[in-house]
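The values are calculated or read from the model by the stated rules, or taken from the named source; none is laboratory data. Bear in mind that the values here come from a model prediction, so they are computed numbers and not experimental data. Please note: Cβ atoms are built from the backbone with ideal geometry, for glycine as well, and neighbour counts cover all protein chains shown. Quick note on the areas: whole protein, heavy atoms, side chains included, nothing else; ligands and nucleic acids left out. Shrake-Rupley method; radii C 1.70, N 1.55, O 1.52, S 1.80 Å.
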Amino acid sequence: MSVRLVVRTFSELCITVGALIVLFVVHLLFWTGVRAADAAGGEIDTLHSQWAREPVAPAPSSEPSAPVPYRDGKPFATMHIPRFGSGWEWPVLENTEVRTLQKGLGHYSGTARPGATGNFAVAGHRRTYGDPFKDFPKLRPGDAVVVNDGTTWFTYRIVKKPHRTVPTDTAVVDPVPRGSGFEGAGRYLTLTTCEPEWGSSHRLIAWAHLDATRPVGEGKPPELAD
């Protein structure tokens, strides 16, 4: 085999590999984002249709003893984080399985419901599938995280900058999350995502406490005012 043929074959191989890499990157950055946006929009539309069919009543003053369980993989609320932009809205679905997180944010099964005593814990992708938590490191104390379950707007307040930990540190989603600075029972929120931005060796955690509630019938809370 001549040197020229070897060089040409190697060059063609490099071009092919390069094209495959470009296609893979396009898939990660564009196509998964398109699919996630469509899926998340569909889940939000499903929620809005469901809420429109059912009378919206204020949440009870006391927590029900046996609330109806959330359905696995199904949406039950929407989340808004003004720090991430005025149009940032994602559905919250039950469980944190891979397929669920491809459609929106995932609620850690077994943790508290929105507004309830305990820790309402939610996970989301930092990159790919719409990049919902791309700007996670920008969260600052005092930032609002607003959750709507169809009856009530729950406004939580971030208490500290995101905390970096390892995936096995499950205590961050305990009813009183370790490392949060919270003491005793309360109405808390934990957000989790991957760290570094394009990896998953660690996790970023943000904690918040319930600051205010507002019946949906009274309109959006001030944090979401146009």
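Within segment 152-169, the only residue that satisfies the criterion of being crowded, with 20+ Cβ neighbours inside 10 Å and assigned to a loop (DSSP other than H, G, I, E, B) is 162. On the stretch given as segment 91-112, residues that are among the small types (Gly, Ala, Ser) and in a strand (DSSP E or B) total 1.
Confirm whether residue 206 is among the small types (Gly, Ala, Ser), open to solvent by less than 40 Å² (accessible area, probe 1.4 Å) and in contact with a Gly (Cβ under 9 Å, 6 or more places away or on another chain). Steps first, answer last, please.
On the way: among the small types (Gly, Ala, Ser): yes; open to solvent by less than 40 Å² (accessible area, probe 1.4 Å): yes; in contact with a Gly (Cβ under 9 Å, 6 or more places away or on another chain): no.
No, not satisfied.
Residue under question is residue 187, and the condition is that it be in contact (Cβ under 8 Å) with a residue 12 or more places away in the chain, surrounded by fewer than 21 Cβ atoms within 10 Å (Cβ to Cβ), more than 19 Å from residue 118 (Cβ to Cβ) and out of contact with any Gly (no Cβ under 6 Å at 6 or more places or on another chain); does it hold? Taking the combined requirement at face value, the residue does not satisfy it. Those residues that are open to solvent by 20 Å² or more (accessible area, probe 1.4 Å), acidic (Asp, Glu) and more than 12 Å from residue 47 (Cβ to Cβ), I need them from segment 71-112; list them, please. Within segment 71-112, 72, 97 meet the criteria.
Against the test of being in contact with a His (Cβ under 8 Å, 6 or more places away or on another chain), part of a strand (DSSP E or B) and open to solvent by less than 20 Å² (accessible area, probe 1.4 Å), the options 146, 172 yield a single qualifying residue, 146.
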